[in-house]
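Worksheet for the structure shown next.
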Amino acid sequence: SLVTLPNRDYWLANDERREIAIDRMGGLLGWVGMATALLLAMVIELAMQANLHRSNLDDGAFMTVLVAYFAFVIVVFIRKMRLLKLPE
């Protein structure tokens, strides 16, 4: 009852489909985890560079990294919807 995914009733109907859904979601969440770790590493690097040079945070670089992260998350969301649609 706590699982939210597209076509939930179909994918959780039996053990075989449940395993397929878990594998697909696990792969996608792994990529999102890696992207989040990369985002944090880049933001930490930008903050460290700003502190070392005693300057403000580079807003252009920060916004570029943030927009790239959100674009990746949107792509993963679309991929999730396609992977968990009802088979024909």
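Candidate values (1) 19.9, 59; (2) 18.4, 59; (3) 18.5, 55 were compared with Rg and Dmax of the Cα atoms in Å computed on the shown model; the agreeing label is (2). Restricting the stretch 47-88 to trypsin sites (Lys or Arg not before Pro) that sit in a DSSP loop and have at most 10 other Cβ atoms within 10 Å of their own Cβ leaves Arg54. Under 5 Å from the amide H of Leu12 lies no amide H of any residue 5 or more positions distant or on a separate chain, with H modelled from the backbone and absent for Pro and chain starts. The relative contact order of the chain, computed from alpha carbon pairs under 8 Å that lie at least 6 residues apart in sequence, is 41 percent. Each label point was placed 7 Å from the Cα along the Cα-to-Cβ direction; for Trp31 and Ala13 their separation is 2.7 nm.
Label zone of Arg79 (point 7 Å out along Cα→Cβ, amide N under 16 Å): in the stretch 31-46 this covers 31-39. Taking the Cα centre of the chain as origin and assigning +1 to Lys and Arg Cβ atoms and -1 to Asp and Glu Cβ atoms, the resulting dipole is close to 160 debye.
FYI, it's all coordinate maths here, none of it is from the lab. Quick caveat, the model's predicted, so the values are computed rather than measured. Cβ coordinates were reconstructed from backbone atoms using ideal geometry, including for glycine residues, and neighbour counts include every protein chain displayed.
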